[in-house]
Amino acid sequence: MKTSRIILIATAGFILIVFFIAIQLFRNDVKSLVQKSNLKYQTMPVNDFGKLDFSSRYIVRIRQGRTCSVESTAGANMSLKPAMQNIKGTLFFTMDTTAEEENTDSIYLRITMPTLKEIRASGGAIICMDNFQTDTLLIILENGCVFKGINNTVKHTIFRTSGENQLDIKQTL
């Protein structure tokens, strides 16, 4: 009788611990989603481009659209100041390295463009590309970058990676 009671109490305690851990993980996921939805984006002026180059800790969402546009969460009161430069159709995104070392925040970008030929990323950039259609795409990842592709239609893709990078490519029907 005593051993069955001990087993019952131990099992109930284990279930409670697992339940509280699951609630905590769910709470953290919901909190991060709420923080992402509260971001204030500002449109940045930009000319036409077909290639992207990220050399810092940006979190980027790329989608296809009729015109080229870039929206950023970098406000006037942020210590991280992104620099964007369009050189021969390649849009370069950089940050001040001293401010980046002192700050752990990331800058969120939403990029809309009609065609995409190349993505180059280094320094821990996270790139999400979904529902994009193109013929040929070159993706170069260096030093801890993440590329997530969801429901893209690309006839020919080339991946070049160096360092620890993550690729997550999904196609849903």
At L8 and F20, where each label point lies 7 Å from the Cα along Cα→Cβ, what is the point-to-point distance in nanometres? 2.2 nm
For the stretch 152-158, just list the computed ³J(HN,Hα) in residue order, Karplus coefficients 6.51, -1.76 and 1.60, θ = phi - 60°, integers in Hz, with x standing in for Gly and Pro. 9, 10, 10, 6, 9, 10, 10
List, in order, the whole-Hz ³J(HN,Hα) value for each residue of the stretch 12-27 obtained from phi through the Karplus relation with A = 6.51, B = -1.76, C = 1.60 and θ = phi - 60°; use x for Gly and Pro. 4, x, 4, 5, 5, 5, 4, 4, 5, 5, 5, 5, 5, 5, 4, 4
Give the cross-link partners of K40 among the lysines, using a straight C-alpha distance below 21 Å as the criterion and excluding same-chain residues fewer than 8 apart. K31, K81
Subtract the Cα-Cα distance of H156 and K88 from 0.36 nm times their separation in residues, and report this length gain in nm to one decimal. 22.2 nm
Note, the stretch 125-140: 3J(HN,Hα) by Karplus (6.51, -1.76, 1.60, θ = phi - 60°), whole Hz, Gly/Pro = x, goes 6, 10, 10, 10, 10, 9, 6, 10, 10, 7, 7, 10, 9, 10, 10, 10
Quick one: which residues, 5 or more positions from I127 or on another chain, have an amide H under 5 Å from its amide H? H modelled 1.01 Å from N in the peptide plane, none for Pro or chain starts. V60, V146, F147, K148
For the pair R27 and D48, how long in nm is the line joining their label points, each one 7 Å along Cα→Cβ? 5.3 nm
Separation of the Q166 and Q133 label points, Cα + 7 Å toward Cβ, nm: 3.0 nm
What residues have an amide H closer than 5 Å to that of R120, excluding those fewer than 5 places away on the same chain, when H is modeled at 1.01 Å from N in the peptide plane? L52, D53, F54, I140
Using a ≥ b ≥ c from the Cα gyration tensor of the stretch 42-170 (square roots of the eigenvalues), is it rounded, prolate or oblate, where a/c under 1.5 gives rounded and otherwise the larger of a/b and b/c decides, a/b for prolate? oblate
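Computed from the coordinates by the stated procedures, all read-outs in this text should not be read as laboratory data. These numbers were taken from a predicted model, which means no experiment stands behind them. No Cβ is skipped: glycine too gets one built from the backbone with ideal geometry, and neighbour counts run over all protein chains shown.
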